[in-house]
Amino acid sequence: MEIFLDSIKNSIYKFSRNKVSIIGFFMVAMVIIVAIFAPLLAPYPKAAGAFIDFSNASKPPSRAHFFGTDVVGRDILSRVMFAFRGALIMGLGVIAAIVPFGVLVGLFAGYYYGTWIDTVVMRITDIFVTLPALLLALAVASFGRPSLFNSMMAVAFAWWPFYARLTYSMASSVRNETFVKAAQTIGAHKAHIIFKEILPNCLAPIFTKMALEIGWVILVGATLSFVGLGEQPPTAALGTMVSDGAQYLPAQWWISLFPALAICFMILAFNLLGDGVKSMLSTEVL
Amino acid sequence: MSELLLNIKDLKVGYRVYKGLLRVLNGVNIEIYKGERVGIVGETGSGKTTIARSILRILPKAAKIFDGKVLFEDKDVLTMSKPEVSLLRRQQISMIFQDPTAALNPVSTIGSIMSDVIGYSYTAEGSRVKPSQIREMAINALRLASLPAPERILASYPFQLSGGMRQRVFIAMALATPRSLVIADEPTTNLDVTIQDQILRLIKRLIDEKHTSLILISHSLDVVSEMTDRVYMTYGGTVVEQANTRDLFENPYHPYSRALLSCIPRLSGGGFGSGIPGQMVDYLAAPRGCRFSPRCPKALPVCRTEAPPLVETEPGHKVACFLFSEKQGS
């Protein structure tokens with residue numbers, strides 16, 4: 001127990017060695033809090049949905065509307081706050097769905113390295129790698145109505161192979177380690193060897209990749225909503241807001257600029273956090 | 001002599017590589033009796049580890065067993081089903097690896113590794129170890145291996161221990177539950193000399209206390225001479241000489257054994273031995289007859305064409321060399 005606490009303290013220490021990652025941590029915390037409590041924190045909660053107030057349309061940033069208002073008079077700050085929700089669901093949801101799947105696939109293929117199982121599984125994985133995310137998203141969108149869920153599916157389809165490949169390369173080298181041989185000599189079964197000997201040795205790079213890629217997934221999600229394949233209006237989505245405002249550039253710059261900055265902010269936040277996680281999981285003594 | 005535990009008969013093992021087939025083991029015969037300590041000595045690359053791995057069937061994928069039997073209590077390990085082999089590994093045989101650092105999973109605590117090992121094992125009564133007993137057994141095993149503060153060691157990770165401690169932990173694991181055979185594959189190669197001595201004493205003590213048989217694989221002649229009752233001298237995947245340890249060291253017959261023993265530098269001076277000219281066997285194109293014949297100073301024409309049979313020169317002392325089979329008049 002004492003050692004367990006020690007290792008947590010040690011992790012926190014390593015994480016905080018990198019001062020910038022603390023900033024990242026607070027930025028992420030802020031985004032999450034804002035997203036969860038958007039209805040309470042937003043100055044104009046009604047702006048999140050189908051709301052029209054032409055008397056306030058296209059107002060530049062002011063004390064009443066910090067980020068200005070869009071062409072139908074909705075407060076952009078409030079819409080950005082609500083749009084964080086979709087972006088977070090996108091980033092966390094996709095990662096949470098694909099990591100276990102990709103890791104499992106990679107582990108099994110890696111354990112059976114050199115056999116036909118390895119070949120079949122990894123070539124199927126390669127086929128998925130060759131399909132670009134946007135193309136897949138278009139395909140998925142053409143099957144059903146574009147929605148947040150469908151765009152998440154599209155990104156997940158295109159993204160899991162990278163986790164499978166990472167885990168595969170780790171697992172296929174770890175399986176040759178003496179401790180795996182040693183586990184065999186005590187009569188351990190396959191499940192034990194895969195999950196207790198090989199998997200724990202693959203986790204550090206997987207977690208690092210995860211933490212660094214949440215922001216990247218959010219960006220792809222925003223791209224999809226920018227081309228109209230994500231969350232549909234009137235629900236607020238960062239990509240959609242940027243593309244809607246683009247027609248009014250440069251005169252009404254605030255309509256696209258602030259959602260775009262919000263995207264940058266989120267990605268920066270997750271990348272800084274990811275850096276912290278990376279130094280936390282590294283064994284290097286700083 | 002007491003009961004036969006392990007009987008390796010005419011074992012031939014090779015490895016498929018890109019250049020062809022490496023014929024490594026070429027008819028190895030080894031007998032291990034209950035409670036006996038046996039050494040397998042030979043140079044690097046003489047097939048010692050391949051022998052050990054064949055016994056536990058943990059050979060790499062490229063390996064191919066051509067012929068032979070590994071009889072453990074009269075059952076052939078090589079033809080056993082997978083569940084039978086895993087039962088054998090859980091109940092009868094354990095192995096001490098050369099490099100304890102590599103053989104302990106770096107992301108698991110010693111406690112978790114040991115509880116896996118003990119959890120898979122069987123008690124002397126032949127039943128699985130109960131989960132409630134595991135911790136106590138682990139602590140006892142560590143204590144027997146002269147490790148201080150076992151509780152603290154259980155909670156630490158392999159990298160937090162020193163090399164000697166790691167090897168002690170490994171020995172503790174190998175002998176935590178009753179075993180009839182322990183295979184130690186160069187257990188002290190990676191340790192410094194003082195630790196080496198302690199580790200060997202420890203293995204010897206535990207083996208004797210538990211009436212277990214030991215196969216000690218080593219290239220170090222002094223380690224083997226101290227630790228074992230009987231020795232198999234291997235060269236190029238064949239057993240060239242076998243005898244009681246003292247007989248073999250005092251009165252070696254085979255030219256290879258003689259040459260090897262003369263290579264030990266003596267404190268009394270005289271410099272290094274003359275060494276053995278030539279190189280280790282090329283397993284891709286192994287000599288047809290005696291595998292030592294290209295380097296042998298006393299090689300006869302027959303040595304290059306026929307493999308020498310193992311002949312008994314004295315009771316219990318067998319040599320695979322034509323020099324002695326002729327002497328016997330056969």
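Computed from the coordinates by the stated procedures, all read-outs in this text should not be read as laboratory data. Here the structure is a predicted model, which means the values were calculated and not measured. Here the Cβ positions follow ideal geometry from the backbone for every residue, glycine too, while neighbour counts run over all protein chains shown.
For the reader, a short list of remarks on this structure follows.
- Residue in the range A:204-246 that is nearest to the chain's Cα centre (by Cα), counting only those that are polar (S, T, N, Q), within 19 Å of A:VAL80 (Cα to Cα) and part of a helix (DSSP H, G or I): A:THR223
- Inside the range A:191-202, residues that are within 9 Å of chain B (Cβ to nearest Cβ) and free of Cβ contacts under 8 Å to residues at least 24 places away in the same chain make up a count of 4.
- Spans of helices (runs of 4 or more DSSP H) in the range A:1-66 with at least 1 residues surrounded by 13 or more Cβ atoms within 10 Å (Cβ to Cβ) and within 14 Å of chain B (Cβ to nearest Cβ): A:2-17
- 1 or more residues β-branched (Val, Ile, Thr), more than 14 Å from chain A (Cβ to nearest Cβ) and in contact (Cβ under 8 Å) with a residue 24 or more places away in the chain: qualifying strands (runs of 3 or more DSSP E) within the range B:3-109: B:4-17, B:20-33, B:37-41, B:63-72
- Single residue of the range A:132-186 satisfying the filter (among the basic types (Lys, Arg) and touching a residue at least 24 places away in the same chain (Cβ under 8 Å)) that is farthest from A:VAL94 (Cα to Cα): A:ARG175
- Residue check, B:GLU31 closer than 15 Å to B:ARG291 by Cβ and surrounded by fewer than 21 Cβ atoms within 10 Å (Cβ to Cβ): no
- The criterion of at least 3 residues that are within 14 Å of chain A (Cβ to nearest Cβ) and under 23 Å from B:SER86 (Cβ atoms) is met by the following helices (runs of 4 or more DSSP H) wholly inside the range B:117-228: B:131-144, B:163-174.
- Test for B:VAL17: is it in contact with a helix residue (DSSP H, G or I) (Cβ under 6 Å, 6 or more places away or on another chain), under 16 Å from B:LYS61 (Cα atoms) and of a type outside the set (Lys, Arg): no
- Residue count for the range A:221-255 satisfying the condition of being over 22 Å from A:LEU138 (Cα atoms), out of contact with any Ser or Thr (no Cβ under 8 Å at 6 or more places or on another chain) and surrounded by 15 or more Cβ atoms within 10 Å (Cβ to Cβ): 1.
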